Amino acid sequence: MDNIERTLGQLFEGRDFEKEYQGLKQQVLHYQPIQEFFKEHKTDINEQLINQNLSNLYEFMTQHKKYTEQEETLMPGYAPKLVLNGEFITVTYYPTKEKLEEDKRRAVEKRIRSLYMPKQVVDASLSDFYTDEESRQLALVEAYQFLNDYPSKNGERVKALYIHGSFGTGKSYLLGAIAKELALKGISTTLVYLPEFMREVKQSISDNTVGEKIQFAKETEVLMLDDIGAESMTAWTRDEVLGAILQFRMQEELPTFFSSNYNMDQLENHLMFAQNGTEEKLKARRIMERVHYLSKEVQLEGKNRRF
């Protein structure tokens with residue numbers, strides 16, 4: 001016990017706590033934002049109230065200094081603010097402009113789910129879409145038309161887009177840009193690179209998760225199937241996977257976008273043949289009926305912008 005008392009005595013020896021307290025108080029009272037707060041509430045604030053709430057005023061001063069000097073505060077992303085509440089002066093924290101913008105950005109990102117799509121597409125923007133060719137101008141008009149019409153105020157079905165054209169013209173980018181605009185409106189979109197999705201569905205037969213993957217594509221609010229026609233199609237993936245997804249979305253009238261190197265007539269021809277070479281015109285036509293029902297054909301031609 002003697003050792004503890006001796007240690008404490010050495011620790012506090014020679015310190016004038018009253019002087020330190022008064023010095024700290026003067027720092028707080030002369031801090032400009034606190035003086036402005038006092039002026040704003042001059043009829044309600046007195047010496048007693050200040051003394052009772054000095055610790056809160058000190059907290060505000062230290063945190064406000066760190067915030068203005070861009071140092072880490074108790075609540076990163078939030079700025080301190082003094083509030084007079086009866087006999088109490090309290091410190092509240094409100095989200096900064098940067099915090100609000102970051103939250104908005106994250107909310108947008110959460111509304112865009114991407115399966116096997118490059119980051120460039122997920123981060124696409126309509127404002128960055130080149131309109132130096134007539135085909136691109138018309139495609140952009142169609143994109144804005146959909147965004148203007150969906151969701152329909154009177155419940156009418158709104159067709160999505162089937163965007164086709166040669167390699168590197170920006171079909172996938174345009175899908176990503178539309179998804180970004182939908183996300184800003186609070187609408188969730190799933191972007192799917194179809195060839196890789198089909199490959200994964202085939203592999204998932206072994207672990208019995210085929211149904212889950214198909215159901216996910218069926219029910220998402222807005223679905224975008226990128227590069228349809230580039231996949232290695234079999235009768236099973238055409239009828240039991242793609243057909244099942246499109247049938248459900250047609251029945252529920254859920255927006256479904258497509259991009260392809262084929263126009264619709266060419267895609268139908270592609271779907272007529274399974275890998276074994278068997279022609280199945282009726283089944284291919286059935287798929288295309290659903291594609292026609294869900295989307296409007298839009299051509300996007302021009303130079304290859306990947307190079």
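Things worth noting here:
- Taking 17 Å as the straight-line reach from the Cα of K213, the lysines in range (excluding those fewer than 8 positions away in the same chain) are K202.
- Within region 116-170, trypsin sites (Lys or Arg not before Pro) in DSSP loop having at most 14 other beta-carbon neighbours inside 10 Å: K153, R157
- Element breakdown for region 195-307 at a 1.4 angstrom probe: carbon and sulfur atoms account for 46% of the accessible area.
- Once the 1.4 Å probe is applied to the protein heavy atoms, the chain comes out at 58 Å² accessible per residue.
- Listed residues K104, K218, K25, most fluctuating in the chain (Gaussian network, C-alpha, under 10 Å): K25
- Computed FRET value (nearest 0.05) for E280 with Y130, which takes r as the C-beta separation and R₀ as 35 Å: 0.35
- In degrees, nearest ten, helix 17-29 long axis to first principal axis of the chain (Cα): 50
- Label positions at F216 and E289, each projected 7 Å from the Cα along the C-beta direction, are separated by 3.0 nm.
- Rounded to the nearest 20 debye, the dipole magnitude of region 128-218 is 320 debye, with +1 charges on Lys and Arg beta carbons, -1 on Asp and Glu beta carbons, and the Cα centre as origin.
- Springs join every pair of Cα atoms under 10 Å in this Gaussian network model of the chain, and among D132, D207, D103 the largest mean-square fluctuation is at D207.
- Projecting the Cα atoms of L225, Q251, I178 onto the dipole axis of region 175-307, where Lys and Arg carry +1 and Asp and Glu carry -1 at the beta carbon, places I178 farthest toward the positive end.
- Using a probe radius of 1.4 angstrom, the carbon and sulfur fraction of the accessible surface of region 43-186 is 49%.
- Rounded to the nearest 20 debye, dipole of region 184-272 from Cβ charges on Lys, Arg, Asp, Glu: 60
- Simple Cβ-charge dipole of the chain, Lys/Arg +1 and Asp/Glu -1, about Cα centre, in debye nearest 20: 740
- With both labels modelled 7 Å from their Cα along Cα-to-Cβ, the Q247 to E40 distance reads 6.4 nm.
- Remark: the T68-K104 segment gains 10.7 nm on full extension, using 0.36 nm per residue and subtracting the alpha carbon distance.
- FRET efficiency, 1/(1 + (r/R0)^6) with R0 25 Å, evaluated for M75 and N51 via beta carbons: 0.45
- Considering only A160, T190, V83, the residue lying farthest towards the positive end of the dipole of the chain is A160, judged by Cα position with unit charges set on Cβ.
- With Cα atoms, 0 to 90° folded angle of helix 97-110 axis to the chain main axis: 30
- Once you reduce region 218-277 and region 132-147 to the center of their Cα atoms, the two points are 23 Å from each other.
- Between 0 and 90 degrees, the angle of helix 210-219 with respect to the longest Cα principal axis of the chain falls at about 80 degrees.
- Distance from the C-alpha centroid of region 55-81 to that of region 165-202: 43 Å, rounded to the whole angstrom.
- Value at 222 nm in deg cm²/dmol, rounded to 500, when DSSP H runs of n ≥ 4 in the chain each add -39,500 (n - 2.57): -15000 deg cm²/dmol
- Two-site label geometry, Y116 and D149: point separation in nm, points 7 Å out along Cα→Cβ: 3.0
- Bridges between two residues of the chain, per DSSP, are antiparallel at a rate of about 30%.
- Residue ranges 55-63, 90-98 sort as 55-63, 90-98 when ordered by packing (mean number of other C-beta atoms within 10 Å per residue, highest first).
- Sequence-distant lysines (8 or more away, or on other chains) whose Cα lies within less than 30 Å of K39: K19, K25, K65, K66, K81, K97, K99
- From phi via Karplus (6.51, -1.76, 1.60), per-residue ³J(HN,Hα) for region 195-200 in Hz, x at Gly/Pro: x, 6, 4, 5, 4, 5
The values are calculated or read from the model by the stated rules, or taken from the named source; none is laboratory data. Small disclaimer: the values here were computed from a predicted structure and weren't measured. Using ideal geometry, Cβ is built from the backbone for each residue, glycine included, and neighbour counts are taken over all protein chains shown. Note: accessible area is taken over every heavy atom of the protein model, side chains too, but ligands, DNA and RNA are not part of it. Shrake-Rupley method; radii C 1.70, N 1.55, O 1.52, S 1.80 Å.
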